[in-house]
Amino acid sequence: MLDLRDRVFLISGAGRGIGRAIADTLYARGCRLSLGVRDAKSVTGFVAGRDAERIHVGRYIAEDWESHAAWVESAVARFGQIHGLINNAGISLSMTIRDADEAALDRIWAVNCKAPLNMIRHALPHLEVSGEGRIVNVASLSGKRVRNDNVAYNMSKFAVMALTHGVRRVGWEKGVRATALCPSFVRTDMVAGTDKISAAEMTDPADLAALVATIVALPNNASVAELLVNCRLEDML
């Protein structure tokens, strides 16, 4: 396993939910973190009481590609290098095939697919230099199978799977390893209103964060392409 101490990770959507849990866990492992958020106030609670020398806050607007480049540049200016990128920020908008909404589809595509692609594009040269660069794209089991009519979300997560495998090919020879993290229901604000499963049955974000910490610490010759995380029994192919 790799020693994560002092390694630099960028985490999008770090203000709450899965992103916040990943930030908590990686900080506890000794990492230096650059937190990508729309509003710096969303990570005030995280920063308070922690070593300010190990934390950087960057402005990340998923739909604004210029903010992606600026975030990566500011993180490199602060820490001098990048070892990992966690593409966590995402949205879920309801859209069915019979009730398609182009504006909704464009937005979910911009946030869930185009933004991670552009973040990888800007971070990749730095990850390659490290020789042990790590990318985790927070996808979903909705990127592996379709169990509902929310075609926009399902399409976006299937695309994230393709993106992950694409970057594995591009970065492999220079030590970059990419993983698609595919959970089912996770106890976050995104699914707070669902009546399909109780909150107690959902996966805890902290447990996903522990898995992410394990993934990024694996050596180059033990790479996990896809990690499927079930909170309930279902057939998986």
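The values are calculated or read from the model by the stated rules, or taken from the named source; none is laboratory data. Note that the structure is predicted; figures quoted are calculated from it, not measured. Backbone-built Cβ (ideal geometry, glycine too); neighbour counts: all protein chains shown. The accessibility values were calculated without ligands, DNA or RNA, using every heavy atom of the protein model including side chains. Shrake-Rupley method; radii C 1.70, N 1.55, O 1.52, S 1.80 Å.
With the condition kept exactly as written, say whether any residue in the range 130-143 is β-branched (Val, Ile, Thr), in a helix (DSSP H, G or I) and out of contact with any His (no Cβ under 9 Å at 6 or more places or on another chain). No, every residue in the range 130-143 fails to be β-branched (Val, Ile, Thr), in a helix (DSSP H, G or I) and out of contact with any His (no Cβ under 9 Å at 6 or more places or on another chain). For first residues located in the range 133-149 and over 16 Å from residue 177 (Cβ atoms), partners that are among the charged types (D, E, K, R) and buried (at least 18 other Cβ atoms within 10 Å of the Cβ) and lie 6+ apart or on another chain with Cβ distances below 8 Å form the pairs 140/157; 142/157; 143/157. If the condition is being of a type in the set (A, V, I, L, M), open to solvent by 30 Å² or more (accessible area, probe 1.4 Å) and part of a helix (DSSP H, G or I), then the range 192-209 contributes 199, 200, 206. The selection criterion, being open to solvent by less than 20 Å² (accessible area, probe 1.4 Å), under 23 Å from residue 25 (Cβ atoms), touching a helix residue (DSSP H, G or I) at 6+ places or on another chain (Cβ under 6 Å) and free of Cβ contacts under 8 Å to residues at least 60 places away in the same chain, holds for residue 178.
Pairs meeting the criteria (first residue in the range 3-15 and without any contact (Cβ under 8 Å) to a residue 40 or more places away in the chain, second residue hydroxyl-bearing (Ser, Thr, Tyr) and open to solvent by 10 Å² or more (accessible area, probe 1.4 Å), beta carbons under 8 Å, at least 6 apart or on different chains) are 15/42. Considering (1) more than 22 Å from residue 138 (Cβ to Cβ); (2) in contact with a strand residue (DSSP E or B) (Cβ under 8 Å, 6 or more places away or on another chain), the lone condition that residue 41 does not fulfil carries the number (2). Out of 216, 170, 212, one residue alone is open to solvent by 60 Å² or more (accessible area, probe 1.4 Å), within 26 Å of residue 128 (Cα to Cα) and in a helix (DSSP H, G or I). It is 170.
Condition check ((1) modelled with pLDDT of 95 or more; (2) of a type outside the set (Phe, Trp, Tyr); (3) under 17 Å from the mean Cα position of the chain (by Cα); (4) more than 29 Å from residue 31 (Cα to Cα)) across all residues:
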{"residue": "88", "(1), (2), (3), (4)": "yes, yes, yes, no"}
{"residue": "100", "(1), (2), (3), (4)": "no, yes, no, yes"}
{"residue": "114", "(1), (2), (3), (4)": "yes, yes, yes, no"}
{"residue": "132", "(1), (2), (3), (4)": "yes, yes, no, no"}
{"residue": "137", "(1), (2), (3), (4)": "yes, yes, yes, no"}
{"residue": "142", "(1), (2), (3), (4)": "yes, yes, yes, yes"}
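Checked against (1) farther than 20 Å from residue 84 by Cα; (2) touching a strand residue (DSSP E or B) at 6+ places or on another chain (Cβ under 6 Å), residue 108 passes all but condition (2). Residue pairs whose Cβ atoms lie under 8 Å apart, separated by 6 or more positions or on different chains, with the first residue in the range 112-125 and more than 14 Å from residue 168 (Cα to Cα) and the second of a type in the set (D, E, K, R) and not in a helix (DSSP H, G or I), are 115/63.
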